[in-house]
Structure formats: C-alpha cells, structure tokens
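J.: Dropping a structure here in structure tokens format, bear with me for questions.
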Amino acid sequence: MNEAAITLDGWYVLHDFRTMDWASWKLISKEERQEAVTEFMAFLDKLQTADNEKTGSHAFYTVVGQKADFMLMMLRPTMDELQQLEAEFNKLTIADYTVPAYSYVSVVELSNYLAGESNDDPYQNPYVRSRLYPELPRSQYVCFYPMDKKREGDDNWYMLDMDKRKELMRSHGMIGRGYAGKVKQIISGSVGFDDFEWGVTLFSDDVLQFKKLVYEMRFDEVSARYGVFGSFFVGTLLDGDQKAAFFQI
C-alpha cells in the first residue's frame, strides 16, 4: 500500500450556488421585495462580523452564465456551523425565490507534498495559519471548480509512490507560484464530503488570469495525465451597494 499524503486541515467550506426565480420575484410587491432584501443584507452583515473578528470568512459573487445567478461561499471552524448558516439562509424570505443550483462541501487543506520537514507545530506557523484560515479577498472575479486525481489503468495517481507524487506536485506548484500577486488560490479537500476530491477557488482582479493559469497547468503532467475536472463557475463581486442592487427589479 502506498503512503497516503498527510494533510493539515483548516476551516470548513460551503459553496452555495443559487438561481433566482425572477418570475416569482417580480410578482410580489416592491415593499415585500425590499423587506426580503433588507433581511438578507442583515444576514450578510452577520457573516461579515465573523470576517472582522477572524472567526470565519465569506464571499458573495454573481455567476456569469446559466449555471447559477449567485454564489455564497462561507468558511467556518466546524461543519456544524456551516449547516446552521445554510439552514438560516434557507429560512430567509429571499430563499423562497431561489432554486438550489449546485453546492460543494469541503475543508481547506495543505498537504505534505510541498511542505518541508519540521518538528514545530505547523498550526502555530503564521504562514500555514493564513493558508488554512484564509481571509477571502474582495477581488473582482472568482472561479470555482471541483477536481479529482485519475484512477484508471496506468494513469492511477494513487498507485504512484510518495516520492514520485512529491516530485510531480513540486513541478505543478511552481506554475501556481508564477501567478503570485495575480491570483489567490484556495484548495479545499472533499474526500468523503462531496462528489469530487478537491475544490479549487481562485480570486483575481483580472478574469483572464483564470484562463491563463488553468491552461498552463493543463500542460503539466499532474493535470494532463492525472487531472479530472468538474464544472467551472465564474462570477463577479457583489460588494457594497451592489449587493442590494442585484435584486432590484
């Protein structure tokens, strides 16, 4: 049996994608819509409080295309807290006018493929903590996609020994480092939590950087030979007055 990668695990993550039932939303009065939006803004303010206190984080983005209308990404220390927030959102008036489009459950992780050997507690390392408990940026654009490592015939990632996997991931990681300052990347593990093995969330102020980064990684052996990808979701930031304006008719 090959050696399994050891992971450091941080905050739990829920990506909640919703489609608006605009036809039904238009049927209620302007006053009712305003009350529903005000209630939802209070919920978002509650999420922001956790950001401010560094006890969690969240991001609110529209989604371009027909897969969904918006994405609410929430990070919390426990899975139970995510479930409570999801239930709280579902009980809001505005949730009655949304249709669940997609969701993804995972936990922010760092593997020992790229980590150096150390006897120190990694959870006390400031850099590691910033990766495991990230403050989500308010970048203009977001890109999310789930992915697996292939397990087919000779292209079975899990049949490679640890040294080979480390070598491949080191090369793979160098591509990502080339986009430092252009793209912020959050990797979350979902083995046993959802249909794929990882979720990848990218943030950038230049949407073309997503295309460039993913395309370049396609030529790396980790992706070219072993990568399997799900649907991609791309969106734009809803912040400040844009949050309420999105729901105006």
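Each value in this text was obtained by applying a stated rule to the coordinates, not by laboratory testing. In this text, all values refer to a predicted model and were calculated from it rather than measured experimentally. Glycine gets a Cβ as well: all are built from the backbone with ideal geometry, and neighbour counts include every protein chain shown.
J.: Against the longest alpha carbon principal axis of the chain, how many degrees, from 0 to 90 and to the nearest 10, is the axis of helix 162-177 turned?
T.: 50 degrees
J.: Okay, next question. Which lysines have a Cα less than 29 Å from the Cα of Lys67, not counting those fewer than 8 places away in the same chain?
T.: Partners found: Lys26, Lys30, Lys46, Lys91, Lys149, Lys150, Lys182, Lys184, Lys211, Lys212, Lys243.
J.: In whole Hz, with x marking every Gly and Pro, tabulate ³J(HN,Hα) for region 232-241 from phi via Karplus 6.51 cos²θ - 1.76 cosθ + 1.60, θ = phi - 60°.
T.: 9, 10, 10, x, 10, 5, 10, 9, x, 5
J.: Now for a separate question. When ranked by the protection proxy of mean other Cβ atoms within 10 Å per residue, highest first, what sequence do the peptides 152-160, 30-38, 136-144 form?
T.: 136-144, 30-38, 152-160
J.: So, R0 is 51 Å and r is the distance between the beta-carbons of Leu44 and Ile175; what FRET efficiency does that work out to, to 0.05?
T.: 0.90
J.: Please turn the phi angles of region 212-228 into ³J(HN,Hα) values with the Karplus equation 6.51 cos²θ - 1.76 cosθ + 1.60 (θ = phi - 60°), one per residue in order, whole Hz, x for glycine and proline.
T.: Working through the residues one at a time gives 5, 5, 5, 5, 4, 5, 4, 8, 7, 4, 4, 7, 4, 9, 10, x, 10 Hz.
J.: Summing Lys, Arg as +1 and Asp, Glu as -1, what charge do residues with Cβ under 13 Å from the Cβ of Tyr158 carry, Tyr158 excluded?
T.: Working: positive: Lys149, Lys150, Arg151, Lys164, Arg165; negative: Glu3, Asp148, Glu152, Asp154, Asp155, Asp161, Glu197.
With Lys, Arg at +1 and Asp, Glu at -1, the net is -2.
J.: With a 10 Å radius around each residue's Cβ, average the other Cβ atoms per peptide and rank 197-208, 49-60, highest first.
T.: Final packing ranking: 197-208, 49-60.
J.: Please list, short to long, the whole-number percent of alpha-carbon pairs of region 37-173 in consecutive 5 angstrom bins beginning at zero.
T.: 2, 7, 14, 17, 17, 14, 12, 9, 6, 3, 1, 0
J.: If you place +1 on the Cβ of every Lys and Arg, -1 on the Cβ of every Asp and Glu, and leave all else neutral, what size is the dipole of the chain about its Cα centre, to the nearest 20 Debye?
T.: 720 debye
J.: Could you give me the ³J(HN,Hα) list for region 179-186, computed from phi with Karplus coefficients 6.51, -1.76, 1.60 and θ = phi - 60°, whole Hz, x at Gly and Pro?
T.: Once θ is set to phi - 60°, the couplings for region 179-186 become 9, 4, x, 10, 9, 9, 10, 10 Hz.
J.: Could you pull out every residue, at least 5 positions away or on a different chain, whose amide H is within less than 5 Å of the one on Thr19? Hs are placed 1.01 Å off N in the peptide plane, and Pro or chain starts have none.
T.: HN-HN under 5 Å from Thr19: Asp69, Val99, Ala101.
J.: Note down the magnitude of the dipole of region 15-159 about its Cα centre, charges +1 on Lys and Arg C-beta and -1 on Asp and Glu C-beta and zero elsewhere, to the nearest 20 debye.
T.: Numbers: 15 positive and 24 negative charges, 76 e Å.
Computed charge dipole of region 15-159: roughly 360 debye.
J.: Now, a different point. Using every pair of alpha-carbon atoms in the chain, split the distances into 5 Å bins beginning at 0 and state the percent of pairs per bin, rounded to integers.
T.: With a bin width of 5 Å, the distribution comes to 1, 5, 12, 17, 19, 16, 12, 8, 5, 3, 2, 1, 0.
J.: Taking the convex hull of the Cα atoms, report for region 53-116 its projected area averaged over all directions, in nm².
T.: Computing the convex hull of the Cα atoms and averaging its projections yields 6.6 nm².
J.: Semi-axes of the equivalent ellipsoid for region 1-69, please: Cα gyration tensor eigenvalues, times 5, square-rooted, ordered largest first, whole Å.
T.: For region 1-69, the semi-axes come out at 35, 19, 8 Å.
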